[in-house]
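Take a look at the structure set out below.
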Amino acid sequence: MRMPVIVDGPCATPGGSAWPLHDADATRRIEAAASAALPPHALMQRAGLAVARLALAVAPHAGRIQVLAGPGNNGGDGLLAARHLKCAGRDVEVWLAPTHRARPTDAAMALQQARDAGVAIGDALPGAPAELCMDACLGVGLHHAPQGALAEAIRHANRHDAPVLAVDLPSGLDGDTGQPLDADGTIRARWTLALLSLKPGLFTGAGRAFAGQAWFDDLGIDACALAPGCAGLVTETRSLWPHRLAHDHKGRFGDVWIVGGAPGMRGAAWLAARAALAAGAGRVMVVPLGGAGDDGFDVQHPELMLRTVETLTATPSPLALATVVCGCGGGTEVRAVLPSLIAHAGRLVLDADALNAIAADRSIADGLSRRAARGQATVLTPHPLEAARLLGTDAAAVQRDRLAAARRLADGAPGWVVLKGSGSVVASPAGQAWINGSGNPALATAGSGDVLAGWLGGLWSQGLDAGDAARLATHTHGTAADGWAASQAIAGPLEASRLIERLRALRVRAVSA
């Protein structure tokens, strides 16, 4: 068997552009089909070996290892891993969850093999400190918070200093949504080894914080041949960058219009404009809303062109072939210009106050449907609260199932959606979805969303389709923040202006490679 792979680079699937993700129902079908095609117990034997090999790789000097084993097949994986670690000379102690039910056949086999190998197994939580803790309590399909002895075992692991390696999923985490079923009763892992399939909940919402660094072992099974993925995980977008040829001119890279920046929020529009310019747009025009437009002229970037609101309604429309980014700092003033933009913009990115205006006015929202019927593409970039307003719910409900919320938005708009947040979700009007694998809390600061909107618009204007532009923009936006975080001794926010410079440098490196 090969070593498990870390899930932070190009997809390991031949020809794949994203790692396929499978929810609990699909994973059960994959497991059943794979088990039926292999000799008895072979799949669990592969899983136990994979877990043991990763444990030795990430904690090579851990002499004392605790394994928390649940009553089902997840516990069986942990028991077989314990056997391998015992044979490798480690001091292994297993806590085995009590159960009144018969253990699954594979788990019963694993228990017997661990006992035969001399592994210490008991039902009392270990008291002596360990150098590595393995969480094999609960796997996929959990729909309620852990209770009883399992809940106490999880709290025990979280209270102690030993780093935790979670088997398949951190126990207590919903693998489909990334939400903890009980925040205090969910394992906080340093590493998670997903087995057989990658679960979407490891990569979005709170799942990223609970899972730690994600690793994957397919156990020699082609999961997509047995069940289609529910989404994709984007970890590599180099092939999506627009190219520049020797004979190209600025007209080839499109016009971007930034409409927003009401009084008191002018900076949001200028940040978006700078980002569009950094992305490589041919020309960038800025239309401030709500008063004289020259009070926020960007003297550091005189190549940004100032325009008045009146130019938006000129005939013929200058927007028909342009990419329009609307809403960054738009305030209430944006409502007056939205209907015209929705009607005429060739490509339209809607952010911030434009989304709030659509949520508050059904007639504006209806314009998006008519726009889609005309074949005009739209990308919406809400954060969870803006998404909640559009869906008529609250932010907590959006966060409980980010994939489902993004799909509902994309279907209802209809248009492409980038649901921002930890593990941003890109969803298409056709129901496809991708989770972005980059980014970190350095982006949790004012202006980073404005930068994303402008960056997306600048990339889109260069001839990409809406989906490629959304995935490329979202992934590189996060990648720039990841590079920043890696260079800092103490993690902190990445100011929006510095983010733009990092994005510019990232683009230069990408197109020069």
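The values are calculated or read from the model by the stated rules, or taken from the named source; none is laboratory data. Just so it is clear, the structure is predicted and the values come from calculations on it, not from any experiment. All Cβ positions, even for glycine, are placed from backbone atoms using ideal geometry, and neighbour counts span all protein chains on display. Surface areas here come from the heavy atoms of the whole protein model, side chains and all, with no ligands, DNA or RNA. Shrake-Rupley method; radii C 1.70, N 1.55, O 1.52, S 1.80 Å.
Structure summary
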{"item": "Criterion (part of a helix (DSSP H, G or I) and either among the acidic types (Asp, Glu) or buried (at least 20 other Cβ atoms within 10 Å of the Cβ) (or both)) met by exactly one of 303, 310", "result": "310"}
{"item": "The stretch 11-26, residues that are open to solvent by 80 Å² or more (accessible area, probe 1.4 Å) and either modelled with pLDDT under 75 or part of a loop (DSSP other than H, G, I, E, B) (or both)", "result": "14, 15, 17"}
{"item": "Index of the failed condition, residue 411 passing every other in (1) open to solvent by 40 Å² or more (accessible area, probe 1.4 Å); (2) touching a strand residue (DSSP E or B) at 6+ places or on another chain (Cβ under 8 Å)", "result": "(2)"}
{"item": "Residue check for residue 465: open to solvent by 10 Å² or more (accessible area, probe 1.4 Å), over 22 Å from residue 8 (Cα atoms) and not aromatic (Phe, Trp, Tyr)", "result": "yes"}
{"item": "Scan of the stretch 368-385 for residues that are open to solvent by 10 Å² or more (accessible area, probe 1.4 Å) and either in a helix (DSSP H, G or I) or at negative phi (or both), ordered by number", "result": "369, 370, 372, 373, 374, 376, 377, 383, 384, 385"}
{"item": "Count - residues of the stretch 238-247 that are open to solvent by 40 Å² or more (accessible area, probe 1.4 Å) and outside any helix (DSSP H, G or I)", "result": "5"}
{"item": "Test: residue in the stretch 224-237 that is surrounded by fewer than 19 Cβ atoms within 10 Å (Cβ to Cβ), small (Gly, Ala, Ser) and either in contact (Cβ under 8 Å) with a residue 24 or more places away in the chain or assigned to a loop (DSSP other than H, G, I, E, B) (or both)", "result": "no"}
{"item": "Single residue of the stretch 207-223 satisfying the filter (open to solvent by less than 30 Å² (accessible area, probe 1.4 Å) and at negative phi) that is farthest from the chain's Cα centre (by Cα)", "result": "221"}
{"item": "Matching residues in the stretch 56-68 - criterion: being under 17 Å from residue 130 (Cβ atoms) and under 29 Å from the mean Cα position of the chain (by Cα)", "result": "56, 58, 59, 68"}
{"item": "Failed criterion for residue 53 (all others in (1) open to solvent by 30 Å² or more (accessible area, probe 1.4 Å); (2) over 34 Å from the mean Cα position of the chain (by Cα) hold)", "result": "(2)"}
{"item": "Restricting the stretch 152-168 to residues that are farther than 12 Å from residue 210 by Cα and of a type in the set (Gly, Ala, Ser), the residue that is surrounded by the most Cβ atoms within 10 Å (Cβ to Cβ)", "result": "153"}
